[in-house]
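Step one of this worksheet: look at the structure below.
No value in this document is a laboratory result; all are computed from the given coordinates. As the structure is a prediction and not an experimental result, all values here were calculated from the model. Neighbour counts run over all protein chains shown; Cβ positions are idealised from the backbone, glycine included.
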Amino acid sequence: MSSGQKMCMDEALLKEPVNQPAPKNQDGLWPSLLTVVGFVFLTFNSVMAVYRSNGDIGGISFVVFSYMDLVVLFYFLRQFERTPPESPRRQHIKLVVWLLTTMLTAAFSYKVAEITPFPVQVLVWTMAGVTVLGGFYASFLHWEGTKA
């Protein structure tokens with residue numbers, strides 16, 4: 001590919017809008033079939049995990065917390081997609097999404113670190129911290145600096 005062709009492709013990509021609206025179904029209120037199937041699968045697996053926990057309160061709490069966190073996270077992600085890019089509400093929703101993903105990361109890291117030796121625990125919590133801080137940087141600091 002010549003540099004002239006590559007330059008034309010780069011220019012075409014720059015002309016595309018950064019935030020494209022999410023594809024809408026007929027009425028815009030109901031989720032797609034794939035979303036419904038995903039939530040049915042998530043709900044079934046969560047119910048089975050609670051059933052298999054044999055009354056372990058910690059296990060049940062983890063499953064219920066993770067399920068509720070995911071449901072609320074998907075709700076706010078949908079709100080984020082539907083909010084116009086220039087709306088100040090979008091920043092608040094982005095903060096809520098980051099907090100929900102941080103809580104989910106911490107919960108899963110806790111469960112993994114609980115069953116691993118100390119050196120692996122340090123690695124798990126380090127990776128979780130880097131993920132959370134990287135998400136914060138990418139969501140709030142990096143994009144703010146490139147808006148010029």
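Some notes on this structure:
- Averaging the sequence gap over all C-alpha pairs within less than 8 Å and six or more residues apart, then dividing by the number of residues, gives region 31-145 a relative contact order of 17 percent.
- The GluC sites (Glu not before Pro) of region 81-148 meeting both criteria, a DSSP state outside H, G, I, E and B (loop) and at most 16 other C-beta atoms within 10 angstrom of the site's C-beta, are Glu86.
- Positive-pole candidate from Leu70, Trp125, Leu33, dipole of region 31-145, charges at beta carbon: Leu33
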